[in-house]
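Notes follow once the structure below has been shown.
Just so you know, all these numbers are worked out from the coordinates, no wet-lab data involved. All figures in this text were calculated on a predicted structure; none of them were measured in a lab. Heads up, the Cβs are rebuilt from the backbone with ideal geometry, glycines too, and the neighbour counts pull from every protein chain shown.
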Amino acid sequence: MTRIRLFRLMAAALFLAAMSLTSVLSVSRSWAEDGVTEKEILIGMSNALSGPASALGTGMKIGATVYFDKINASGGIHGRKIKLLAYDDGYEPDKAISNTRKLIEEDKVFALFGYVGTPTSSAVMPIFSKAGVPYIAPFTGAEILRSPVNKILFNVRASYFDETEAMVGHLTKDLGINKIGVFVQADAFGDAGRAGVVRALRKRDMSLVGDSKFPRNTVDVDEGLEALIKANPEAVIMVGTYKPCAAFIKKAKAKGFNPKFLNVSFVGTDALIQELGKDGNGVIVTQVMPNPTDSSLPIVKQFLADMKAAGQHPDFMSLEGYVDAVVMVEALKMTSSLTRPAFISTFDGLKMNAGGLKVSYSPTNHQGLDQIFLTKIENEKAVTITKFQ
């Protein structure tokens, strides 16, 4: 055998060996994606686990964890267990930004899930959008997260536009109230809710009667209260968390100012009831989830059973976290090759019946639900109603 022929044979052998190794690596890495291993799917969360809005973040985390744990106990998703890695941002945008960067750049999560708040979600949007990390089920109804459609952001809950339209519609139709004011958080969340109220009023050739704000993560409500007392609306739509909204209602009633008080779902219904005590009677809260005490819906019956088994107390917040997790798991199950592009593609066409809640997505609509439920506080409980009285 000549040297030239021997050299050619050795080169060919090396080439075939390299091709074989490449093929093996390709097969072994067919599932490879940040946050995905043969045994685990890592999901990241940043929300309010401490501070004056902590009931919101804690409730979301508890509800989601109960369902993820249930799925893990039954074998996980295609053999992979879901791991939820949660950081506390105290409902502050700066902390949400640093947490999100850590989750994406250091922890290498597959997706982000269950963030709480408009200001926090707005702050991190450029980060997850640039990184291409899916952002699933934020607890906010702001339009900025819905229009224009962000190809990697998927909402489950209905919007603040849906909630405030329901409020104004019922106030005008059921009660004949036309003088409506707002008391909102002075940030992107408050602006989003206020915009929904203004939009609903304009549809009816009406305008605000009283327009006031308060600083986020405070109970500095006096200035806003005085402005509304002066304007004297018949109803006040409130866009804030439970502590400042409860402080406002208590002080208003103490001063003899008793319009209809209405809150969007983000307020945290159960925490609001606790804060208000006997002053809560008659306060309206719109909901994007059914009443967690109503087991007539299969999803609520399942939720109550799972919460009981986990030793957890059911409420509106944990129900929303639970439903969000149900939707997340369904999308993961339907994605056979678990990459971010494939997962996003699955969500774009996802249609499911989540125990009586019809969830539907398309490339032009990334909001899964649009149903609004009405509740009124009576004797320190949230009672489902069909119209305002």
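Out of residues 5 or more away from A186 or on other chains, whose amide H comes under 5 Å of its own, with H placed 1.01 Å from N in the peptide plane?
F214, R216
Could you give the length gained on full extension between E38 and R101, defined as 0.36 nm per residue of separation minus the Cα-Cα distance, in nm?
20.2 nm
For L350, list long-range residues whose amide hydrogen, built 1.01 Å from N in the peptide plane, is under 5 Å from its own amide hydrogen.
Amide H neighbours of L350, under 5 Å, 5+ apart: Y361.
Taking θ as phi - 60°, what are the ³J(HN,Hα) couplings along the stretch 117-127 by the Karplus curve (6.51, -1.76, 1.60), each to the nearest whole Hz, with x for Gly and Pro?
After applying 6.51 cos²θ - 1.76 cosθ + 1.60, I find x, 6, x, 6, 5, 4, 5, 8, 3, x, 6 Hz.
Run the simple label-point estimate for A254 and S337 please: 7 Å along Cα→C-beta, distance reported in nm.
For A254 paired with S337, the spin-label model returns 6.4 nm.
Can you tell me how the stretch 288-329 classifies by the Cα gyration tensor, rounded, prolate or oblate, using a/c under 1.5 as the rounded cut? Please report the intermediate quantities before stating the final value.
Details: a/c = 1.37, a/b = 1.08, b/c = 1.26.
Because its axes are fairly even, with a/c under 1.5, the stretch 288-329 counts as rounded.
In a GNM of the chain with a 10 Å cut-off on Cα contacts, which of S46, S147, S207 has the highest mean-square fluctuation?
Among S46, S147, S207, the largest GNM mean-square fluctuation belongs to S147.
Just report the Cα centroid separation between the stretch 290-341 and the stretch 31-107, whole Å.
The stretch 290-341 and the stretch 31-107 have Cα centres separated by 15 Å.
Helix 316-334 versus the longest principal axis of the chain: what is the Cα-based angle in degrees, 0 to 90, to the nearest 10?
It works out to around 30 degrees.
Pop the C-beta distance of H78 and V149 into the FRET formula with R0 = 41 Å and round what comes out to the nearest 0.05.
Details: r = 28 Å, r/R0 = 0.69.
Result of the calculation: an efficiency of 0.90.
For the chain, what mean projected area does the convex hull of the alpha carbons give, in nm²?
Working: hull surface 89.6 nm².
That works out to 22.4 nm², a quarter of the Cα hull's surface.
I need the phi-derived Karplus couplings for the stretch 134-141: 6.51 cos²θ - 1.76 cosθ + 1.60, θ = phi - 60°, integer Hz, Gly and Pro marked x.
x, 10, 10, 6, x, 8, 6, x
Compute the length gained on full extension between E226 and A131: take 0.36 nm times their separation in residues and subtract their Cα-Cα distance, giving the result in nm to one decimal.
Details: separation 95, 0.36 × 95 = 34.20 nm, distance 4.54 nm.
Result: 29.7 nm gained on full extension.
Taking square-rooted eigenvalues a ≥ b ≥ c of the alpha carbon gyration tensor, is the stretch 160-287 rounded, prolate or oblate, where a/c under 1.5 means rounded and, failing that, a/b exceeding b/c means prolate? Show your work: numbers first, answer last.
Numbers: a/c = 1.35, a/b = 1.30, b/c = 1.04.
Rounded is the answer for the stretch 160-287, as its axis ratio a/c remains below 1.5.
Please say if the stretch 118-228 is rounded, prolate or oblate, where rounded means a/c under 1.5 for a ≥ b ≥ c the square roots of the C-alpha gyration tensor eigenvalues, and otherwise the choice is prolate for a/b larger than b/c and oblate otherwise? Kindly include the intermediate steps, with their values, before the conclusion.
On the way: a/c = 2.99, a/b = 1.57, b/c = 1.91.
The shape class here is oblate.
Taking every DSSP beta bridge with both residues inside the chain, roughly what % is antiparallel (nearest 5)? Could you put the intermediate results ahead of the total?
Details: 17 of 48 bridges.
Just about 35 percent of them are antiparallel.
Contour minus end-to-end for K301 and L175, with contour as 0.36 nm per residue of separation and end-to-end as the Cα-Cα distance?
Values: separation 126, 0.36 × 126 = 45.36 nm, distance 3.36 nm.
My answer for the length gained is 42.0 nm.
Angle between the Cα long axis of helix 188-203 and the longest principal axis of the chain, 0 to 90 degrees, nearest 10?
That helix lies at roughly 60 degrees to the long axis.
Using a Gaussian network model on the chain with a 10 Å cutoff between Cα atoms, which of S212, S98, S122 fluctuates the most?
S98
What distance in nm lies between label points placed 7 Å from Cα along the C-beta direction at D294 and N365?
Here the modelled spin labels are 2.1 nm apart.
Taking the Cα atoms only, what angle lies between the long axis of helix 242-254 and the longest principal axis of the chain, rounded to 10 degrees?
Result, in degrees: 0.
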